[in-house]
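These notes are about the structure you will find just below.
The values are calculated or read from the model by the stated rules, or taken from the named source; none is laboratory data. Predicted, not measured: the structure shown is a model, and the values here were computed from it. Positions of Cβ are backbone-derived with ideal geometry, glycine not excepted, and every protein chain shown enters the neighbour counts. Each accessible area value is taken on the protein alone, full model and side chains, heavy atoms only, with ligands, DNA and RNA left out. Shrake-Rupley method; radii C 1.70, N 1.55, O 1.52, S 1.80 Å.
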Amino acid sequence: MPSSVPVIDLRPWFGGDEAARAAVAAEVDGALQSVGFFLISRHGVAEELRARVRAQARAFFALPPETKQRYAVTVGGRGWLPPGVEANGYAEGTQTPPDLKESFAVGADRQTGDPEVDAYWFQPNVYPAEVPEMQPAVLAYLARMRELADELLVICAAALGLDDDFFTRHTGHATHTMNINWYPPVSVAGDPEPGQFRIGPHTDFGTVTVLDREPGAGGLQVYSDAEGWADAPYDPAALTVNIGDLLEYWSGRRWPSGRHRVLPPQPHAPEEDLVSLIYFYEANHDALVTPLEPPVGRVAGLEAVTTSAFIKERLDAITVG
């Protein structure tokens, strides 16, 4: 495993004194400067809730393809993303085969009243009638992820010596998406093509990503300049956190967004079957993000950007077809 990906205990942040909270923030700053990834333990998200969402998702993915097709969408939509519609490697300019996965996507749905904005960023969520317990489980999980993502942004602000609400003052009506990814076995997906991954090499696009995953031979790998590609560490009680391109830019490139990929099914484990819960947090769609200048940031003179334009450019890039 990459030595630069730490497991950070959040209990001192939630219940410690000022020095303990500062120590947690410093750990986060160190991890984000080196690799853009860290694990969090004692985060307060119940294992029972995580397991319930995963079980309901498995029930959906087990439905016949013609049933799932009723909920089919493409990247940026709410519902089922079938095999073949997404290639994350495109975001890096790499023409990879489509990712070997299926996804079910939900996201922010509290509308603004602007039809054009709402049609893209705050679409109504769709839940499968065939799996009636999926909706309450996912809604409960989304609420916990939103709370945790905001808390992580407070930690990030502390890590930079800024006001606690430096980032969260821009997340009161944030866009966010959760993809429940199913990585099927070879007997379902077929043999991988050359250069094909479950998810191709990429960085995420928003502020913080919170991942609940299962371990596997064809699992998550992270990239660091010091160590190259390496399997991400795994702790069943922990969640994996990485930052996306927007927070990299906002930090004046102090924190590189975490580059990662998910390996294809491996020859020694062709029937491996994994489900990941991936919460992508962003900011208000109309937030004006002004990058931090040195000495906090690393690059001077970066232009201010609007969240929606910044992220949509990247979503369009990974859409197949």
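Points to keep in mind about this one:
- Structure remark: mean-square fluctuation, Gaussian network model of the chain, C-alpha springs under 10 Å; the largest value among PRO291, PRO64, PRO136 belongs to PRO64.
- Ratio of the Cα radius of gyration of the chain to 2.2 N^0.38 Å, where N counts its residues: 0.95
- In this structure the amide hydrogen of ASP9, modeled in the peptide plane, comes within under 5 Å of the amide hydrogens of SER41, none closer than 5 places in sequence on its chain.
- Calculated over region 139-245: convex hull of Cα atoms, volume per residue (Å³): 149
- Environment charge of ALA26, counting only residues whose C-beta is closer than 14 Å and scoring Lys/Arg +1, Asp/Glu -1: -2
- GNM result for the chain, Cα springs below 10 Å: residue of GLY200, GLY15, GLY89 fluctuating most strongly: GLY15
- Over region 116-156: Kirkwood hydrodynamic radius from C-alpha pairwise inverse distances, Å: 12.3
- Relative to its Kirkwood radius, the Cα radius of gyration of region 191-303 gives an Rg/Rh of 1.04.
- Dimensions of region 1-124 based on its C-alpha atoms, expressed as ranges along the principal axes with the largest first, amount to 54, 36, 35 Å.
- Solvent-accessible area of GLU193 with every protein chain in place, 1.4 Å probe, in Å² to the nearest 10: 100
- Charge sum, other residues only, whose C-beta stays under 11 Å from ASP164's C-beta, Lys/Arg counted +1 and Asp/Glu -1: -2
- Point-to-point label distance, GLU214-GLU133, nm (Cα→Cβ direction, 7 Å offset): 1.7
- Viscosity 1.306 mPa s, 10 °C: Kirkwood-radius Stokes-Einstein D of region 73-231 over Cα pairs, µm²/s: 89
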